[in-house]
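Here the structure comes first, spelled out in structure tokens, and everything after it is commentary.
What follows is calculated from the coordinates using simple rules that are stated; it is not laboratory data. The structure displayed is predicted, hence computed values, not measured ones. Neighbour counts are summed over all protein chains in view; Cβ atoms, including those assigned to glycine, are modelled from backbone coordinates with ideal geometry.
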Amino acid sequence: MGSQAISKWRKGIDSRLNDFKSVSKSLRREKEELQSTRELFENTETAQSILQNVAQQLQKNAHDQISKVVTQCLQTVFYDRDYGLKIEFVKKRGKTEASLLLLNQGHEIQDPLNEDSGGVIDVASFALRVSCLMLSKPKLRRLLVMDEPFKNVSEEYRDNVRVMLEELSKDFKIQFILVTHEQGFKCGKVVQL
């Protein structure tokens, strides 16, 4: 073998050795990036788990506070029935949706507008407004202005509505301005026009 052949052979080996070193360096970099990506993935999974736990706790707290106010209002007005509210949280397409369920004796009312009186809906929707006011951040001025909010409540329960308004006003320090023709709702300061 001549010196030219050895030199050519040596250049080939050197070229392959450089390729090997380059590939080794690239492999080391790729392994480091893979490890970094794995750590990022693990941290992301941990963060996602923490966020899901916080979201579930927030949902539970919101449910407890909202259903407590709504149920209290419904039971104050309709003392002879066992009404309540339940919120179901369902995860769909990566988002959480809430369904409000009106209950009577622990059973869901499928069609509240047709199965029960409109008065129940009036009181429940009023109580939901109160709940939203109580949960708002930053705290809003606790004032609700309403026009005939209880027009569907039957006459036998109207005194209970007045009692409910007085209790809510006292307990939660909420001011209610009610525009109504119904004399039974008069409480607090009354302005007649």
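Using Cα positions and a limit of under 29 Å, work out the lysines in reach of K25, with same-chain residues fewer than 8 apart set aside.
Cα-Cα hits under 29 Å: K8, K11.
Scaled to the compact-protein estimate 2.2 N^0.38 Å, what is the alpha-carbon radius of gyration of region 1-101, rounded to two decimal places?
2.61
What is the distance in Å between the Cα centres of region 113-141 and region 166-193?
With region 113-141 and region 166-193 each reduced to a Cα centre, they are spaced 16 Å.
Would you mind checking K139/K173; K68/K173; K86/K137 for any pair whose Cα atoms are more than 21 angstrom apart?
Over 21 Å apart, Cα to Cα: K86/K137.
For a quick size check, give me the Cα extents of the chain along its three principal axes, largest first, whole Å.
Taking max minus min along each principal axis of the Cα atoms, the chain gives 120, 35, 24 Å.
Determine ³J(HN,Hα), in whole Hz, for all residues of region 20-25 in sequence, where each value follows from phi through the Karplus function 6.51 cos²θ - 1.76 cosθ + 1.60 and θ = phi - 60°; x replaces Gly and Pro.
Running phi through 6.51 cos²θ - 1.76 cosθ + 1.60 with θ = phi - 60° gives 4, 4, 5, 5, 4, 5 Hz.
Can you pull out the trypsin sites (Lys or Arg not before Pro) in region 54-158 that DSSP calls coil and that have at most 15 other Cβ atoms within 10 Å?
Those satisfying the criteria are R81, R93, K139, R141, K151.
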